[in-house]
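Below is one structure, written out as structure tokens, with a few remarks after it.
The values are calculated or read from the model by the stated rules, or taken from the named source; none is laboratory data. Here the structure is a predicted model, which means the values were calculated and not measured. For neighbour counting, all protein chains shown are included, and Cβ atoms are generated from backbone atoms with ideal geometry for every residue, glycine included.
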Amino acid sequence: MTDRLPDTHVDRLYDNTALRTLEAAAIDAAGDDDVLMARAGASAWAALRAHWPDAQRVLVLCGPGNNGGDGYVLASHARDAGCVVTVAHLIEHMPRSAPARRAAEAYHAAGGETRVVGDDALPVADVIVDALLGIGLDRPPDAALAALMRRVNAAGTPVLALDTPSGVDAGTGYVSDEAIRATVTVQFLAAHLGLATGAGLEHAGECELDALEVADAVLDGVSPTAIRLRAAALRARLSPRARNSHKGDAGYVLCVGGDHGHGGAIMLAAEAALRSGAGLVGVATRQAHVGPLLSRRPEAMPVAVGDSEADKEAFAGLLERADVVALGPGLGTAPWGSALYRQALACARPLVLDADALNLLAVGGDILPPDAVLTPHPGEAGRLLGCSAARVQADRPAALAALVQRYGCVVVLKGAGTLVAAPGVSMRVIAAGNPGMAVGGMGDVLTGCIAALRAQGHAALEAATTGALLHACAGDLAAVADGARGLLPSDLLFYLRREANP
């Protein structure tokens, strides 16, 4: 089994519409849908043997469509290899598609048997194969299917999902109230967008890809929905500096925020900008945070900004000097933060907006320049779109597209499988990061990363994409060093410098 593109660099992801188009093109190229099903079943059997070479008892749960047909083919291979095979299906899940019926008939003709699964206990197995739905999810599972999936998850047995874990939308990552939690998922033809972000990422387990011997020309005929970037892609995006570089070449980032009680957020953003390579970093914040910031990071240049007209004029001077403004960490939505937000939006400088700047944007609906970068987490994205965070998470790609359309600029939708997009381009998926990064302050570090890269000459979309990848890779290194639980945003700062240098 081989990936069409290197796992260590970038690969292409497809939503359900594109996957079905690919499947139709692949069947045409093969000349027979049975040929493709035979390849898929053989590939799935090879994956099972590779991951569980000692497995002798195999339970294959088959649905009514072509995914179930793949399961029957796998079951035939398992029987031929001497395994004890049980093929089971719900009473209403007799094979319906013509290829699935033929695969089931071939299994039975060779002596294989099937059973209807009811409320009785699942047969004891070393591996359970999920061939129930594949990419065919178009509605929540009914009561019988939901109950079966609950029993599979409760069994504690390794699960091999064919194409997509049942209950997971392969295109969006939406997960039904009940869905299979796979140990390994083998994807057919192309990688699925919904398994690369959000809850789908969690349910898919370890993902593999087999193009089923379909020619590159066939697969290249359908445009990907997204491009996934893995850790090794970072080195291609960051070139070494020239020997005669000076600080002006690396740009001046002005970090704006840190109302009373929130000084740590702007400190993290400023230090992250420095560690990501910005030549100069200024900070516009409350007077109370100037001393602690200088003590923590003397290379930063904090300036106290209050509420007077003189303060507004001083802040205007800081904005005039800046190459990029990182706006929002700890800013607050009170009059002080709101005034700085309004002044920064009017400064005609490249902007990276996070945290309270996004909350103020959600309320004000301001028009942004097309090279602005928004970095919402799902809750902030929901406020920007006027919906719940749960709705955002139910279809992260659609939420990202809606944000890009509404605000007309670059958007980074944070979370597991961070998504990045801009008007008129395919979205990017960040295949790095870990659960330890789910802690307050991580977004402030990301803001500093993106602003620093923008200041160093990267265009807005590339700064956002590379910054998100840099941030996630630093988080992974920090987690490897000392564990994910208890990981702090400040733990990333050392690794930002390491990863920012190819």
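In this entry, Leu453 is excluded by the filter for residues that are assigned by TED's automatic domain parsing to the domain that holds Gly279, farther than 20 Å from Glu380 by Cβ and free of Cβ contacts under 8 Å to residues at least 40 places away in the same chain.
The condition of being surrounded by 21 or more Cβ atoms within 10 Å (Cβ to Cβ), farther than 17 Å from Val253 by Cα, assigned by TED's automatic domain parsing to the domain that holds Val253 and without any contact (Cβ under 8 Å) to a residue 60 or more places away in the chain does not hold for Ala484.
Annotation note: of Ala121, Ala125, the sole residue that is in a loop (DSSP other than H, G, I, E, B) and surrounded by 15 or more Cβ atoms within 10 Å (Cβ to Cβ) is Ala125.
Note on the range 243-290: residues that are in contact with a helix residue (DSSP H, G or I) (Cβ under 8 Å, 6 or more places away or on another chain) and at pLDDT below 95 total 1. In the list Arg102, Arg96, Arg139, which residue meets the criterion of being of a type outside the set (Asp, Glu) and either part of a helix (DSSP H, G or I) or not assigned by TED's automatic domain parsing to the domain that holds Gln187 (or both)? From the options Arg102, Arg96, Arg139, the qualifying one is Arg102. Where strands (runs of 3 or more DSSP E) fall wholly inside the range 249-358, the ranges with 2 or more residues that are touching a Ser or Thr at 6+ places or on another chain (Cβ under 9 Å) are 252-256, 301-304, 324-327, 351-353.
When the range 352-403 is limited to residues that are polar (S, T, N, Q) and buried (at least 18 other Cβ atoms within 10 Å of the Cβ), the one that is farthest from the chain's Cα centre (by Cα) turns out to be Asn359.
The lone criterion from (1) farther than 30 Å from Glu499 by Cα; (2) modelled with pLDDT of 95 or more; (3) not aromatic (Phe, Trp, Tyr) left unmet by Ala310 is number (2).
Name, by its number, the condition in (1) farther than 24 Å from Thr21 by Cβ; (2) charged (D, E, K, R); (3) part of a loop (DSSP other than H, G, I, E, B) that does not hold for Arg115. It fails just one condition, (3).
Listed by first and then second residue, the pairs linking a residue in the range 74-90 that is in the same structural domain as Arg102 (by TED's automatic domain parsing) to a residue that is among the hydroxyl-bearing types (Ser, Thr, Tyr) and surrounded by fewer than 22 Cβ atoms within 10 Å (Cβ to Cβ), with Cβ atoms under 7 Å apart and 6 or more places separating them unless they lie on different chains, are Val87/Thr114; Ala88/Thr114; His89/Thr114. Screening the candidates Val152, Val168 for the property of being of a type outside the set (S, T, N, Q) and either farther than 30 Å from Ala401 by Cα or not assigned by TED's automatic domain parsing to the domain that holds Leu212 (or both) yields one hit, Val152.
For Val84, indicate whether it is buried (at least 16 other Cβ atoms within 10 Å of the Cβ) and farther than 22 Å from Gly173 by Cα.
No, not satisfied.
Results for (1) closer than 26 Å to Arg241 by Cβ; (2) touching a Leu at 6+ places or on another chain (Cβ under 9 Å), shown as yes or no for each residue.
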{"residue": "His262", "(1), (2)": "no, yes"}
{"residue": "Leu274", "(1), (2)": "yes, yes"}
{"residue": "Gly279", "(1), (2)": "yes, no"}
{"residue": "Glu309", "(1), (2)": "no, no"}
{"residue": "Gly332", "(1), (2)": "no, no"}
{"residue": "Trp336", "(1), (2)": "no, no"}
{"residue": "Cys347", "(1), (2)": "no, yes"}
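Tell me, which residue of the range 425-449 that is small (Gly, Ala, Ser) and outside any loop (DSSP other than H, G, I, E, B) is farthest from Leu254 (Cα to Cα)? The extreme case among them is Gly436.
Within the range 42-88, being within 33 Å of the chain's Cα centre (by Cα) and assigned to a strand (DSSP E or B) holds for Val58, Leu59, Val60, Leu61, Cys62. Within the set Ala143, Ala147, Ala110, the sole residue that is within 33 Å of the chain's Cα centre (by Cα) and loosely packed, with under 13 Cβ neighbours inside 10 Å turns out to be Ala143. No other residue among Val218, Val214 is modelled with pLDDT under 95 and assigned to a loop (DSSP other than H, G, I, E, B) apart from Val214.
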